[in-house]
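Colleague: For reference, the structure I am asking about is given below.
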10 protein chains.
Amino acid sequence: MLYCVEMDVAIPHGLDPDHVARLKADEKARAQDLQRQGKWLHLWRVAGRYANISVFDVESHDELHDILSGLPLFPFMTMRVTPLARHPSAIG
Amino acid sequence: MLYCVEMDVAIPHGLDPDHVARLKADEKARAQDLQRQGKWLHLWRVAGRYANISVFDVESHDELHDILSGLPLFPFMTMRVTPLARHPSAIG
Amino acid sequence: MLYCVEMDVAIPHGLDPDHVARLKADEKARAQDLQRQGKWLHLWRVAGRYANISVFDVESHDELHDILSGLPLFPFMTMRVTPLARHPSAIG
Amino acid sequence: MLYCVEMDVAIPHGLDPDHVARLKADEKARAQDLQRQGKWLHLWRVAGRYANISVFDVESHDELHDILSGLPLFPFMTMRVTPLARHPSAIG
Amino acid sequence: MLYCVEMDVAIPHGLDPDHVARLKADEKARAQDLQRQGKWLHLWRVAGRYANISVFDVESHDELHDILSGLPLFPFMTMRVTPLARHPSAIG
Amino acid sequence: MLYCVEMDVAIPHGLDPDHVARLKADEKARAQDLQRQGKWLHLWRVAGRYANISVFDVESHDELHDILSGLPLFPFMTMRVTPLARHPSAIG
Amino acid sequence: MLYCVEMDVAIPHGLDPDHVARLKADEKARAQDLQRQGKWLHLWRVAGRYANISVFDVESHDELHDILSGLPLFPFMTMRVTPLARHPSAIG
Amino acid sequence: MLYCVEMDVAIPHGLDPDHVARLKADEKARAQDLQRQGKWLHLWRVAGRYANISVFDVESHDELHDILSGLPLFPFMTMRVTPLARHPSAIG
Amino acid sequence: MLYCVEMDVAIPHGLDPDHVARLKADEKARAQDLQRQGKWLHLWRVAGRYANISVFDVESHDELHDILSGLPLFPFMTMRVTPLARHPSAIG
Amino acid sequence: MLYCVEMDVAIPHGLDPDHVARLKADEKARAQDLQRQGKWLHLWRVAGRYANISVFDVESHDELHDILSGLPLFPFMTMRVTPLARHPSAIG
């Protein structure tokens, strides 16, 4: 099942830069791992903002929540989740 | 270049049903044609709403505007357009 | 899978009253049928508004969309859909 | 009487992690106790967000306020409270 | 139990003036009857707007909904309902 | 003259707890004094939130401002002020 | 006492043009009469919009409501009323 | 003096198509005339919406209001006006 | 030229009280100086909030920006600027 | 391709003033360099606010994102990006 997820990141000023760098590296590794598993289907940068628009393909709401809440940057993210159904005009 | 477009449709009550049916059929044909051309890359239904989330792959803002403003249901749609850039963590 | 759906109803003034009465009767019959099937799990009236808060238990986003978009009053409803996951503190 | 309560949690960065862990454990124990008493009727996680949608069954607005304002994480929560009435199409 | 209710009225242009006049007279009679019964505890006009702020004292959410949805102008009103609890600093 | 005032309180985390306790005690004493003077006519807790809905009966905008801006918790409050006029359907 | 009032005008399309012209002439006459009486203290056009920002000097909320609700264009106006107090830095 | 103006156009359904066509032709002629005069400095289409972002260079707020309120499509437009000052980092 | 400016002040908790007191004294002196020059035409307190509604009479957007951005409390203010034109119904 | 970008700057209180001064100087140098390259086509100050409205002329969404996310003040900015198409009424 597909979900569109828009994630806005706001890292508080004053965090230790090394800690932030590690979080970002972990986030990247996790995002790439989930893409390789076919669960994080699309990942686009919103031009001009520290944000992304993504599409996830997972088994259930529970799996989606586990994935999103387990992201290293989750505590600094605002999430907008939209469940996607098949569109009658979609081909292929 | 990629654009995420969220389209909400609100057809005014009182329109002639045959006219609406023709508009919807034209919209479907146009959407499928644009998908076949590779310009309307993704088309998903927002579950529970008369709305879709789409991704377009076109040459320019002008081409995007020509496509969207030429849709048969355009006069009844509210559009939210987001330009998408490559994400540094995207693979493939 | 569970979805919380908040539905606000706004019937345009000027519709034929008999037509509206039939739509409401059909809506009620459909809602009760879906409750008996176990798909429309909870249905509450929002006190003071022509609106409800509901919980649906269905197989997929597609099934949710088919149910909601098939409601007789769907053209007059504004929907807010929220996918629900299991809460770690929930019992039973 | 039933109330739908949507709770969003935002724990400020910089709190002592042990203190936060204790608050979360206390919150969980309190939530489970209230569920066992039949007052916290439903508790669902909003998929992808540190938030829940709940239904409470209590005697009065006063009892609801005492329960909510007594939650260990209350100072970090944004609450949206909706009183629920019986829906004329609800069965059972 | 007390509820604060803010009601905004928007009567569509084009309604038959006699019908509107009858609705307003019925609304006034109903409002005064409910005040005499002690259920519509306070009724204030919002200065400068076709709106009121009211406080109701009723037995339950169901009774509140029956009263509000039974108002003659209900189809033209937007309602904001807030359940009120006892304040620890209130006297008397 | 009457004013409806909705006050939301948000005390920043990290303030000295003794200082906060003193502020709250002062706030309570001040609120009760103003009630006894007949200026703070009604004071209700918004169920589930650290907020109140109040009605003030004062001579002028200036007096209202002096009262509100002099509250010990004023620096932590968000105020929504609504001037109330007599409603033509109000009795008594 | 002073009130800032922001008025947005939205005249529905399809009204009889002669009727609208009479309403606007009546509105202008009424506005000028109230200015001459010293009650409508300031009247400015919001540049680029069919809207005004005004300051009224009246005895009470009731008088303000009578004036505003009696304006010929009142049914087509959205009002934002702000009570104004004396500013401690104001001179003269 | 410069003003950024964002104009959204919403032509009501049911207007006579010939009338609308004349309005649009008049609007275009007026827009081009104002561009030639150097008053309508920039005119861009918002991609995907029946809207534009424009910059005007006029003598005063009054002149801006006369120009905008005189546009043939003005009754169907929502305007957002932003006065622009010189930026300290602007060159040339 | 006239501008309506609504200023909301939010001084962060934790600033040195002496520093804040000096800023406020400087702000007051500056506001009074600008009033004496005839540039800060009106200055009203919004009743119940740490905010003001003001009218400025200056030569240009640049002068307005210089004045506002030079206010001692500017870093703590949220500004809403509205250019004001002459209203056709204004007298005198 | 053209993009309208509205940037609001909010520098957190408590940053080291020298660091802020360096960031602002770097920002200015970068903005002027991009203007000289013809990529930052217009740069206007929003009168009364620490904000600007800009127009960029770049090759792609990716280039826009690289430019914006590389600005020294980017971590303190809120961005609103609008892709601009050619307007059919634009001349020249």
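The values are calculated or read from the model by the stated rules, or taken from the named source; none is laboratory data. On a predicted model such as this, the values are computed, not experimentally measured, just so you know. As a convention, Cβ positions derive from the backbone with ideal geometry for all residues, glycine included, and neighbour counts pool all protein chains shown.
Colleague: Would you mind finding the one in E:Ala29, E:Ala85, E:Ala90 that is assigned to a helix (DSSP H, G or I), more than 10 Å from the chain's Cα centre (by Cα) and modelled with pLDDT of 95 or more?
Modeller: Numbers: E:Ala85 fails: assigned to a helix (DSSP H, G or I); E:Ala90 fails: assigned to a helix (DSSP H, G or I).
Selected residue: E:Ala29, the only one of E:Ala29, E:Ala85, E:Ala90 that is assigned to a helix (DSSP H, G or I), more than 10 Å from the chain's Cα centre (by Cα) and modelled with pLDDT of 95 or more.
Colleague: Please state which one of A:Pro72, A:Pro12 is in contact with an Asp or Glu (Cβ under 7 Å, 6 or more places away or on another chain), more than 11 Å from chain B (Cβ to nearest Cβ) and either outside any strand (DSSP E or B) or loosely packed, with under 14 Cβ neighbours inside 10 Å (or both).
Modeller: A:Pro72
Colleague: I would also like to ask the following. Do we find that D:His19 is of a type outside the set (A, V, I, L, M, F, W, C) and outside any loop (DSSP other than H, G, I, E, B) in this structure? Give the derivation first.
Modeller: Values: of a type outside the set (A, V, I, L, M, F, W, C): yes; outside any loop (DSSP other than H, G, I, E, B): yes.
Against the criterion (of a type outside the set (A, V, I, L, M, F, W, C) and outside any loop (DSSP other than H, G, I, E, B)), D:His19 qualifies.
Colleague: Could I ask something else about it? Could you please give the count of residues in the range J:40-69 that are out of contact with any helix residue (DSSP H, G or I) (no Cβ under 7 Å at 6 or more places or on another chain), away from chain H (no Cβ under 11 Å) and either assigned to a strand (DSSP E or B) or without any contact (Cβ under 8 Å) to a residue 40 or more places away in the chain (or both)?
Modeller: 7
Colleague: Another one. From the list E:Gly70, E:Gly48, pick out the single residue that is on the phi > 0 side of the Ramachandran plot and at pLDDT 95 or above.
Modeller: Working: E:Gly70 fails: on the phi > 0 side of the Ramachandran plot.
Checking each option against the conditions leaves just E:Gly48.
Colleague: Next question. Quick one: which of F:Met79, F:Met7, F:Met1 is more than 30 Å from E:Gly38 (Cβ to Cβ) and crowded, with 18+ Cβ neighbours inside 10 Å? Break it down stepwise before answering.
Modeller: Values: F:Met7 fails: more than 30 Å from E:Gly38 (Cβ to Cβ); F:Met1 fails: more than 30 Å from E:Gly38 (Cβ to Cβ).
Result: F:Met79 is the single residue among F:Met79, F:Met7, F:Met1 that is more than 30 Å from E:Gly38 (Cβ to Cβ) and crowded, with 18+ Cβ neighbours inside 10 Å.
Colleague: Any residue in the range D:76-87 that is more than 7 Å from every other protein chain (Cβ to nearest Cβ), more than 24 Å from A:Val81 (Cα to Cα) and among the aromatic types (Phe, Trp, Tyr)? Steps first, please.
Modeller: We begin by selecting, within the range D:76-87, every residue more than 7 Å from every other protein chain (Cβ to nearest Cβ); these are D:76-78, D:80.
Now narrow it down to the ones that are more than 24 Å from A:Val81 (Cα to Cα): none.
No: the range D:76-87 contains no residue that is more than 7 Å from every other protein chain (Cβ to nearest Cβ), more than 24 Å from A:Val81 (Cα to Cα) and among the aromatic types (Phe, Trp, Tyr).
Colleague: Name every residue in the range J:3-20 that is over 16 Å from H:His87 (Cβ atoms) and under 13 Å from the mean Cα position of the chain (by Cα), in order of residue number. Please lay out each step first, then the result.
Modeller: Within the range J:3-20, the subset over 16 Å from H:His87 (Cβ atoms) is J:3, J:10-20.
J:Tyr3 - this is the single residue of the range J:3-20 that is over 16 Å from H:His87 (Cβ atoms) and under 13 Å from the mean Cα position of the chain (by Cα).
Colleague: Being among the charged types (D, E, K, R) and more than 26 Å from H:Met1 (Cα to Cα) is the filter here; which residues of the range J:31-72 pass it? Quick ask: steps written out before the conclusion?
Modeller: First, the residues of the range J:31-72 that are among the charged types (D, E, K, R): J:33, J:36, J:39, J:45, J:49, J:57, J:59, J:62-63, J:66.
J:Glu59, J:Asp62, J:Glu63, J:Asp66, listed by residue number.
Colleague: What number goes with the only condition from (1) within 11 Å of chain C (Cβ to nearest Cβ); (2) surrounded by 12 or more Cβ atoms within 10 Å (Cβ to Cβ) that D:Arg36 does not pass?
Modeller: Result: D:Arg36 fails condition (2) only.
Colleague: OK, next. Exactly one of these conditions fails for I:Leu23: (1) closer than 19 Å to G:His87 by Cβ; (2) facing chain G (nearest Cβ under 10 Å); (3) touching a Pro at 6+ places or on another chain (Cβ under 8 Å); (4) of a type in the set (A, V, I, L, M, F, W, C). Give me its number.
Modeller: All conditions are met except number (2).
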